[in-house]
1. I'd like the antiparallel share, as a percent to the nearest 5, of DSSP beta bridges with both residues in the chain.
2. Below 15 angstrom from the Cβ of residue 110, what's the summed charge of the other residues (Lys, Arg +1; Asp, Glu -1)?
3. Hey, what did the chain get for relative contact order, percent, Cα under 8 Å, at least 6 apart?
4. Helix 125-135 versus the longest principal axis of the chain: what is the Cα-based angle in degrees, 0 to 90, to the nearest 10?
5. In a Gaussian network model over the chain where Cα atoms closer than 10 Å are linked, find which of 144, 87, 74 has the largest mean-square fluctuation.
6. About the Cα centre of the chain, what is the dipole size in debye to 20, counting +1 per Lys and Arg Cβ and -1 per Asp and Glu Cβ, all else neutral?
7. Helix 24-41 sits at what angle to the longest principal axis of the chain, using alpha carbons and giving 0 to 90 degrees rounded to 10?
8. For q values of 0.11, 0.12, 0.13 Å⁻¹, compute log₁₀ I(q)/I(0) with the Debye formula on a Cα-only model of region 5-120, without solvent.
Amino acid sequence: MTEGPREDADVETSSAGYAERFRGPVGAWFLDVQARTTLELLRPWPRARILDVGGGHGQLTGPLVDAGHEVTIYASDPVCRERVRTYVDGGRARFESGDLLHAPFPDRSFDVVLSFRLLPHVAAWPALVAELCRLAARAIVVDYPTRRSVNAMAGPLFEAKKNVEGNTRPFAVFRDSDVADAFGAAGFRVTARRPQFFLPMALHRAHGRGGLARALESVPRATRLTQALGSPVILRVERHG
């Protein structure tokens with residue numbers, strides 16, 4: 001049987017060009033929301049052994065190690081080490097690289113497995129989900145764009161998004177039930193769901209003002225529209241039993 005091409009979507013998200021999308025006040029706010037939400041979902045497991053699959057973007061490395069977690073970053077290529085080099089060289093995190101779908105770790109090697117900025121760009125995403133589940137002893141936290149949002153129009157609006165962001169790329173948009181079913185098949189159940197933003201992230205990047213972004217998002221968050229229709233979703237699943 002012929003194998004498909006090796007999954008290496010994290011090479012792009014680990015690049016300096018990708019990091020440019022999160023410069024400035026709006027980008028800093030995006031990362032702050034992501035980090036605060038992730039740390040909240042990890043609260044049941046203080047000082048956990050964490051594997052961050054595709055985590056060479058480094059967006060969560062600092063918050064995780066500052067919170068006392070033992071962090072290993074796993075990437076598809078050694079080049080993904082660059083943006084987390086300071087943490088790795090300083091002994092605050094580990095870095096390994098290899099096949100994203102066949103990681104060189106025993107089953108249940110980590111308390112919690114994370115994977116951000118990866119699921120929508122992996123062709124064999126069910127295989128990635130299965131591998132995350134193999135590696136996690138307790139829980140998994142991932143993010144993904146949901147069809148219960150303006151991302152349902154991601155295809156028709158892609159060119160407009162590209163005009164704003166410049167280096168954006170096509171991505172898959174998921175039904176919540178499909179993601180939950182993929183994790184459920186490996187014995188994990190959804191225990192928390194945190195949609196991040198009601199309005200498209202590209203809209204906030206277009207105006208570039210952190211205070212305005214917070215203000216625009218405050219009303220839908222207060223009225224729970226964000227909970228119902230926001231994206232991307234940060235999802236926590238836990239192993240049955």
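1. Around 40 percent antiparallel, to the nearest 5.
2. Charge balance near residue 110 sits at +1.
3. Relative contact order, the chain: 20 percent.
4. That helix lies at roughly 50 degrees to the long axis.
5. Among 144, 87, 74, the largest mean-square fluctuation in the Gaussian network model of the chain belongs to 87.
6. Working: 32 positive and 27 negative charges, 186 e Å.
Dipole size: approximately 900 debye.
7. Rounded to the nearest ten degrees, it is 50.
8. Taking Cα atoms of region 5-120 as identical point scatterers yields -0.33, -0.39, -0.47.
Values quoted throughout were computed directly from the atomic coordinates according to the rules given, and no laboratory measurement underlies them. Values in this document were obtained by computation on a predicted structure and should not be read as measured data. Neighbour counts are summed over all protein chains in view; Cβ atoms, including those assigned to glycine, are modelled from backbone coordinates with ideal geometry.
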